[in-house]
Amino acid sequence: MAGINLREIAMETVIEILENGQFSHIYLKAVLDKYGYLEKNERAFLNRLVNGTVERKLQLDYIIDSFSKTKVKKMKPLIRTIMRLGVYEIYYMDAVPDSATCNEYVKLAKKRGFAGLSGFVNGVLRNIAREKSHMEFKELWIKYSMPQWIVDKWIADYGKEQTEEILKGFLEPEELCIRVNLNKISREDLAEQLKGQGITVRICDTVESACYISDYDSLTAIPEFNEGLFYVQDYSSQRVPYMAGVAAGQQVIDVCAAPGGKALHCGELVADGSVLARDLTDQKVALIQENINRTGATNVKAQQWDATVLDEDSIRKYDTVIADLPCSGLGIIRKKPDIKYNQTEESLSELTKLQSQILDTVCQYVKDGGTLCYSTCTINKDENENQVENFLSSHSEFTIEKMTQLFPDKEHDGFFICVMKKN
């Protein structure tokens, strides 16, 4: 344990995410796994400091720019990162007094070869700490650290009041949602087993397979997880098979399935039916296969396939086609906070074209009387309601059976599901 500096680890992690383009949810998990031997509270501190700094980047930069003659964009990446981390701790964490926080980041700057800038770091952080109670964040983009163009887009779609509720929802603390393998254990029995290990469990009222867990140390340390008694799966993802009406005996295809949560869930629901879980790359298919192996599913098959390419052998073959397609991810910003900085209006336009191309292809796999279930983890209308409207305008054989758009709150992230019946 000697020599472990949590703030230095956080600094290196944030640099990889915000300066070098690593995906926050993947890279941070790898870091936490690497330092799995740390105490639970130490890893919790590291997790919150990294996630919070990434999540609040725009607001932190606004604060720093309000006190520093050298603007954030002009700073060296390491100093910029140290300043962001320091300001996040000062505003949002109370592990140590503000003065001690300033000292820690000054020492870190010196340790990493920037002794000449330690006075700058010290002066700016101490001024920010003194004045923090007087700072006001009047504009939504600053208050909720959301790019202005996204705020403008949502205001145009949903109005200012609804947009602020959405932005608030992204900053709500989140419990981990799990799907209970109901073929192996009931929710009540699993809850009792987990509670016996000191894990807090809350049973979801609206999805019969879902629970929320917290106060656990590591998933891999939970025997029930390794035994395949439950699977980490979002609330929205669990709703898809139920809304689509997946039932015993059906033939189901999930065309963009990785990491396989919905496909495995469908496998439980179809019983003696079958599920084909496809995705684009070997890596993604390997993820699906890994989860098939862990849960012991015998009626789910993983296969590599490009969803934009028509498979002649699949035409009119499936009772249910699950199309949870690549999207902007603007509904899951809480889980992947760097998404909001990486998307652009141009990338959204490209995604809507890809979604349209895939829907035009995979809708041909639906049997007469069968179901096409289109879903995304975004709250962008162009990818959701407008995409469905565009699809139906050229596919009159489909009609909407049910459709839901939910916004982020304590229970779930933002998502969209539309179930269409083929006449």
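The values are calculated or read from the model by the stated rules, or taken from the named source; none is laboratory data. Remember, predicted model here, so these are calculated numbers, not experimental data. So basically every Cβ, Gly included, is an ideal-geometry build from the backbone, and we count neighbours across all protein chains shown. What goes into the accessible areas is simple: the full protein's heavy atoms, side chains included, and nothing from ligands, DNA or RNA. Shrake-Rupley method; radii C 1.70, N 1.55, O 1.52, S 1.80 Å.
Okay, here's what the table says:
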{"read-out": "Odd one out for LYS410, checked against (1) out of contact with any Asp or Glu (no Cβ under 7 Å at 6 or more places or on another chain); (2) open to solvent by 10 Å² or more (accessible area, probe 1.4 Å)", "value": "(1)"}
{"read-out": "Which numbered condition GLY198 misses (of (1) part of a helix (DSSP H, G or I); (2) closer than 26 Å to GLU39 by Cβ)", "value": "(1)"}
{"read-out": "Criterion (closer than 30 Å to PHE225 by Cβ, outside any strand (DSSP E or B) and within 22 Å of the chain's Cα centre (by Cα)) met by exactly one of GLU164, GLU172, GLU188", "value": "GLU172"}
{"read-out": "Pairs, first farther than 20 Å from ASP338 by Cβ in the range 30-53, second of a type outside the set (A, V, I, L, M, F, W, C) and outside any helix (DSSP H, G or I), C-beta under 6 Å, six or more apart", "value": "LYS40/ASP217"}
{"read-out": "Pair list, Cβ < 6 Å and 6+ apart or interchain, from the range 80-93 residues that are more than 10 Å from VAL14 (Cβ to Cβ) and in a helix (DSSP H, G or I) to residues that are open to solvent by 10 Å² or more (accessible area, probe 1.4 Å) and of a type outside the set (Lys, Arg)", "value": "ILE90/ASP98; ILE90/ALA129"}
{"read-out": "Residues that are basic (Lys, Arg) and in contact with a helix residue (DSSP H, G or I) (Cβ under 6 Å, 6 or more places away or on another chain), drawn from the range 70-111", "value": "LYS71, ARG80, ARG84, LYS110"}
{"read-out": "All positions within the range 311-333 that are under 27 Å from SER145 (Cα atoms) and either touching a Gly at 6+ places or on another chain (Cβ under 8 Å) or β-branched (Val, Ile, Thr) (or both)", "value": "LEU330, GLY331, ILE332, ILE333"}
{"read-out": "Strands (runs of 3 or more DSSP E) fully within the range 213-305 counting 3 or more residues that are touching a helix residue (DSSP H, G or I) at 6+ places or on another chain (Cβ under 9 Å), at pLDDT 95 or above and among the hydrophobic types (A, V, I, L, M, F, W, C)", "value": "274-279"}
{"read-out": "Subset of the range 324-375 (residues that are in a strand (DSSP E or B) and crowded, with 18+ Cβ neighbours inside 10 Å)", "value": "ASP324, VAL366, GLY370, THR371, LEU372, CYS373, TYR374, SER375"}
{"read-out": "Selection from the range 383-406 of residues that are closer than 18 Å to LEU330 by Cβ and buried (at least 18 other Cβ atoms within 10 Å of the Cβ)", "value": "GLU383, ASN384, GLN387, VAL388, LEU406"}
{"read-out": "Selected residue (criterion: modelled with the lowest pLDDT) from residues of the range 27-40 that are loosely packed, with under 15 Cβ neighbours inside 10 Å and part of a helix (DSSP H, G or I)", "value": "LYS40"}
{"read-out": "Hits in the range 100-150 (condition: buried (at least 20 other Cβ atoms within 10 Å of the Cβ) and part of a loop (DSSP other than H, G, I, E, B))", "value": "TYR144, SER145, MET146"}
{"read-out": "Residue satisfying all of: in the range 219-259; β-branched (Val, Ile, Thr) and open to solvent by 30 Å² or more (accessible area, probe 1.4 Å); nearest to the chain's Cα centre (by Cα) among these", "value": "VAL232"}
{"read-out": "Identity of the residue in the range 260-280, among the aliphatic types (A, V, I, L, M) and under 28 Å from the mean Cα position of the chain (by Cα), that ends up farthest from GLN233 (Cα to Cα)", "value": "LEU280"}
{"read-out": "Scope the range 154-193; condition open to solvent by less than 40 Å² (accessible area, probe 1.4 Å), closer than 23 Å to LYS143 by Cα and touching a residue at least 60 places away in the same chain (Cβ under 8 Å); matching residues", "value": "TRP154, ILE166, GLY169, PHE170"}
{"read-out": "Condition check for TYR242: among the hydroxyl-bearing types (Ser, Thr, Tyr) and out of contact with any Leu (no Cβ under 7 Å at 6 or more places or on another chain)", "value": "yes"}
{"read-out": "Test result for VAL388, assigned to a strand (DSSP E or B) and touching a strand residue (DSSP E or B) at 6+ places or on another chain (Cβ under 6 Å)", "value": "no"}
{"read-out": "TYR27 being touching a residue at least 12 places away in the same chain (Cβ under 8 Å) and touching a Lys or Arg at 6+ places or on another chain (Cβ under 9 Å)", "value": "no"}
{"read-out": "Cβ-Cβ under 7 Å pairs, at least 6 apart or on other chains, the range 108-129 side within 17 Å of LEU60 (Cβ to Cβ), far side hydrophobic (A, V, I, L, M, F, W, C) and open to solvent by 10 Å² or more (accessible area, probe 1.4 Å)", "value": "ALA109/LEU117; VAL121/VAL106; VAL124/PHE67; ASN127/PHE67; ILE128/PHE67"}
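Residues are listed down the side, and each one gets a yes or a no for (1) farther than 30 Å from TRP149 by Cβ; (2) assigned to a helix (DSSP H, G or I); (3) open to solvent by less than 50 Å² (accessible area, probe 1.4 Å); (4) not hydrophobic (A, V, I, L, M, F, W, C):
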| position | (1), (2), (3), (4) |
| --- | --- |
| ILE9 | yes, yes, yes, no |
| GLY21 | no, no, no, yes |
| GLU42 | yes, yes, yes, yes |
| LEU58 | no, yes, yes, no |
| LYS69 | no, no, no, yes |
